[in-house]
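A quick write-up on the structure given underneath.
The values are calculated or read from the model by the stated rules, or taken from the named source; none is laboratory data. What you see is a predicted model, and the numbers here were worked out from it, not measured in a lab. Quick reminder, even Gly has a Cβ in these numbers, built from the backbone with ideal geometry, and neighbours come from all protein chains shown. Accessible surface is based on the protein model in full, side chains and every heavy atom, while ligands, DNA and RNA are left aside. Shrake-Rupley method; radii C 1.70, N 1.55, O 1.52, S 1.80 Å.
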Amino acid sequence: MRNRSRNSVDGQVKNRNYEKDIHYTMQMSQWLLKSIGVWPLVYEHTSRLEQLVSVFLMALCFFSLLFIIVPCSNYIFSVDKDIHMKVKLLGPVSFSMTSAMKYVYLGLKGPFFKNCIQHVERDWRTVQDPSYRATMLKYVTISRNLVIVCIIFLYTGGMSHHTVEQFLSKERNKGNKTVRPLAYPGYDSFLDVQSSPIYEIVFSIHCLAAMVTHTVATAAYSLAAIFVTHICGQIQIQITKLQSFVGSRRKLEDGRDRFAVIVHDHVQVLRFSKNVEEAMRAICLIQIIESTVNMCMLEYYCMTEWGNSDAVAVFTYFTLLISFTFNIFMFCYIGEVLSEQCSLIGTVSYEIDWYNLPAKEAYNLILLIAVSQYPPKLTAGKIIELSLDTFGSVVKASVVYLNLLRTVTN
């Protein structure tokens, strides 16, 4: 069936606006991934100059992350004995560590993401019906809006923590002693961070590392959102084709069987879904662990700073809490939508006027109904299925760990 349904000029450009559509689809991810040097690893058409700049950017980003992780980890476990300070630093440092892990994974899994991007581009080149293109654009707009909201919350809270909070938080007022604040301690043993220009350099590296961690987080989310919403758009196109199947001609203008085309395109969507799940499963697992830990930490920070009447710190941590909660909710939500949309094919196959079809053709619908009973799922490391139930479990786990943390620190 696959060979019969293929166009003799498979991959032929049918959408004259495909370049503009592809740019609109990938624009957010392209900006984010280019800024951390990963774009040439996941996209095929890059110049030699872009690849050289990518190497420099990756080296700079890794240096900034290690500049935080190594000294601050040593400070937490070897230098500082105050349990409250350990807990306060554990959240930002763990976020930097998980961001570094996601950064490495994005680079190592570049070929997998490249294949997924090529599939998206191929779909844009071959879409011909204006209504189908409009459906795809609608879902692209949804993914862009989700990424924009993610960027606003994460960058607002994260950069506020590294800049505004450091200078306006009550905790920074230490009597008559003049101390220039830094988000991360641990450099006193080998640097005089209070003197210029060392302080300015360290402060700038901290801000750079914050930008890197936030960019990595939003870049990973943007890829997941683009791929899953693209799948949803393709499923909606298949549903439209099914709904118009009864009463239409059995052969297309090029002689192909209409139902064979529907099945072929549906198989392609399922294969793409499998590739997306394989590319994103490790990032989703890291995201589940990261969100559980950081939501717990941020809830603790909000309660602590509320008791200290520190409005700036409360605002910063609450914004970050909203951001992490939104991120894991959207990961779980797109996983739920993926399964729901793919299983919808079976429902639509039954709801159309199949009883008006010849018996032999009506039997063919059983194939789609059977396949839809096992829709693709977005998983975290093939361990946890991402769904709204998973989001509820993450929130409950963060509250449980919060109570445990309060017991330990008190």
For region 1-147, I need the span (max minus min coordinate) of the C-alpha atoms along each principal axis, in Å, sorted largest to smallest.
70, 33, 30
So for the chain, Kirkwood radius off the Cα pairs, Stokes-Einstein at 37 °C and 0.692 mPa s: how many µm² s⁻¹?
139 µm²/s
One finds, for ARG16 and VAL164 with R0 = 51 angstrom and r their Cβ-Cβ distance, a FRET efficiency to the nearest 0.05 of 0.60
Which percent of the accessible area of the chain is formed by carbon and sulfur heavy atoms (probe 1.4 angstrom)?
62 percent
Quick check for you: with a 1.4 Å probe and neighbouring chains kept, what is the accessible area per residue of region 290-349, in Å²?
34 Å²
Taking the Cβ of LEU386 as the center, what net charge do the other residues with Cβ under 10 Å away carry, scoring Lys and Arg +1 and Asp and Glu -1?
-2
Helix-only [θ]222 nm of the chain, DSSP H runs n ≥ 4, -39500 (n - 2.57) each, per residue, nearest 500:
-26500 deg cm²/dmol
Treating the angle as unsigned and between 0 and 90°, give the value, to the nearest 10°, between the Cα long axis of helix 359-372 and the longest Cα principal axis of the chain.
10 degrees
Hey, can you rank 196-203, 60-67 by average C-beta count inside 10 Å, highest first?
60-67, 196-203
Nearest 10 degrees, 0 to 90: what angle lies between the long axis of helix 48-74 and the longest principal axis of the chain (Cα atoms)?
50 degrees
In nm, spacing of pseudo-spin labels at ILE142 and GLU278 (7 Å Cα→C-beta vector)
2.6 nm
In nm, what is the difference between 0.36 nm times the number of residues separating LEU367 and LEU108 and their Cα-Cα distance?
89.5 nm
So what are the three principal axis dimensions of region 78-137 from its Cα atoms, in whole Å, longest to shortest?
66, 25, 7
Can you give me the angle between helix 83-108 and the longest principal axis of the chain, using Cα atoms only, in degrees from 0 to 90, rounded to the nearest 10?
40 degrees
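Counting pairwise Cα distances across region 287-357, what percent come out greater than 19 angstrom?
On the way: 1381 of 2485 pairs.
The answer is 56 percent, as a whole percent.
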